[in-house]
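J.: The following block contains the structure, expressed as structure tokens.
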Amino acid sequence: MTKKVMLDVDTGVDDALGILLAVKSRQFDILGITTVNGNVSLDTATLNTCKILELLKIDDEISIIKGANKPLKRQSFFEHRIHGQDGLGGALLDMKVTKKPATGFAADVIIEKILQYPDEITLIMTGPLTNLALALEKSPEIVHKVKEVIFMGGVLKGGGNVTPTSEYNMYVDPEAAKLVLHAGIPELTLVGLDVTRLALLMKKHIQQLKDPSLASYVKKSTADYFERYYERNGVEGCALHDPLAIGVALDKKIVTTERYFVDVETRSELCDGQTVCDFQHRLEKKPNVNVCLEVDSEAFLNLFIENLNS
Ligand code: RIB
Ligand code: CA
């Protein structure tokens, strides 16, 4: 029985790897892929998402629906250092794209699908949470009809990857993140840097990819990401942030989670976008998030490579 999901992406290099994993796993009935302003502009994220579905040469039509072209309240904050000007590390630049986004607006389609399939849909969010925040503002009742929301975002014990305290997706739109965290979504899972930093794609993994076009794409799209990661972290690898969120939807056993109260800073000079986890229950607030604390990195990388080779 395939799992009904919707992906929300700001396709960038790792979002693209997440889409590859989601489609190649054949374990999802992907009801749509919504795009959001984040790593790159909305239009570029949308074009990149079209390119990835075209690369996959899949028959079944997966709709791509455009969403927010900027954060709820803040200016865009692109991450071209990691993802390149094009968002895919310079890969697929000369691809002739025929796939086009569907009509409609992401927040409306998220609402429509959740109401059409109550208690069946898992949302997997791998960009800033603007589209989900807009959907919740417009139709609060979806809180009780969405099966689960899994999002790549935040960091609870380590440092940030865009400021000393904050992870990129939370930093770009902290108001959206705050709205999502406080909406009362019963099954909300945070896949933060604490675990995604351990899900490192290495060159040896790329060498295990069997499909030549896929292997060539993964190698080309991650080349600059590898370099940036080495410069910043002294590690020959690149973190599979977004693919791990997909991985959690495929197999919850690859992570260990615990429920805590988590909030996000939106009014700080230094710490905007910081996700704060009340590990000691000091605030005496009801836990609102399943926090990923550990990951079986080897199991995840095996899952990633096996599915891309399927
Ligand atoms: O912090 C990593 C996250 O920010 C990933 O989703 C990456 O694609 C960027 O959006
Ligand atoms: Ca992303």
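J.: Could you order S139, S268 by accessible surface area, starting with the largest, using a probe radius of 1.4 Å?
T.: Order by accessible area, largest first: S268, S139.
J.: Then there is this: Could you work out [θ]222 nm for the chain from helices alone, using -39500 (n - 2.57) per DSSP H run of at least four and dividing by all its residues? Round to the nearest 500 deg cm²/dmol.
T.: The per-residue figure over the chain is -11000 deg cm²/dmol.
J.: Using the per-residue mean of other Cβ atoms lying within 10 Å as a proxy for protection, in what order, highest first, do the peptides 1-9, 123-131, 238-246, 197-205 fall?
T.: 123-131, 238-246, 1-9, 197-205
J.: Same structure again: Can you give the FRET efficiency to the nearest 0.05 for K204 and A102, using r as the Cβ-Cβ distance and R₀ = 51 Å?
T.: Efficiency, rounded to the nearest 0.05: 0.85.
J.: Same structure again: Compute the FRET efficiency between V143 and L56 as 1/(1 + (r/R0)^6), taking r as their Cβ-Cβ distance and R0 = 41 Å, and round to the nearest 0.05.
T.: 0.80
J.: What accessible area per residue comes out for the stretch 170-241, rounded to a whole number of Å², with a 1.4 Å probe?
T.: Accessible area per residue, the stretch 170-241: 44 Å².
J.: Moving on. Starting from the Kirkwood radius over alpha-carbon pairs of the chain, derive D by Stokes-Einstein at 37 °C in a medium of 0.692 mPa s and give it in µm² s⁻¹.
T.: After rounding, the answer is 173 µm²/s.
J.: Taking the square root of 5 times each eigenvalue of the Cα gyration tensor, what semi-axes in Å does the equivalent ellipsoid of the stretch 219-261 have, largest first?
T.: Equivalent ellipsoid of the stretch 219-261: 27, 14, 8 Å, largest first.
J.: Can you tell me how the stretch 91-195 classifies by the Cα gyration tensor, rounded, prolate or oblate, using a/c under 1.5 as the rounded cut?
T.: oblate
J.: Provide Rg over Rh for the stretch 240-306; use the alpha carbon set for both Rg and the Kirkwood Rh (inverse mean inverse pair distance).
T.: Rg/Rh: 1.08.
J.: For the stretch 135-223, what Kirkwood radius comes out of the mean inverse Cα-Cα distance, in Å?
T.: Taking the inverse mean of 1/r over all distinct Cα pairs, the stretch 135-223 comes out at 15.6 Å.
J.: How big is the antiparallel share of DSSP beta bridges in the chain, given as a percent to the nearest 5?
T.: 30
J.: Counting pairs of Cα atoms in the stretch 22-112, how many percent are more than 23 Å apart?
T.: 26
J.: Could you tell me what percent of the accessible area of the chain is made up of carbon and sulfur, with a 1.4 Å probe and every protein chain present?
T.: Exposed carbon and sulfur together represent 51 percent of the surface.
J.: In what sequence, highest mean first, do 228-234, 216-222 appear when ranked by Cβ atoms within 10 angstrom?
T.: Ranked from most to least packed, the peptides come out as 216-222, 228-234.
The values are calculated or read from the model by the stated rules, or taken from the named source; none is laboratory data. Given the structure is predicted, the values throughout are model-derived calculations rather than measurements. All Cβ positions, even for glycine, are placed from backbone atoms using ideal geometry, and neighbour counts span all protein chains on display. Areas reflect the complete protein model, heavy atoms only, side chains present, ligands, DNA and RNA absent. Shrake-Rupley method; radii C 1.70, N 1.55, O 1.52, S 1.80 Å.
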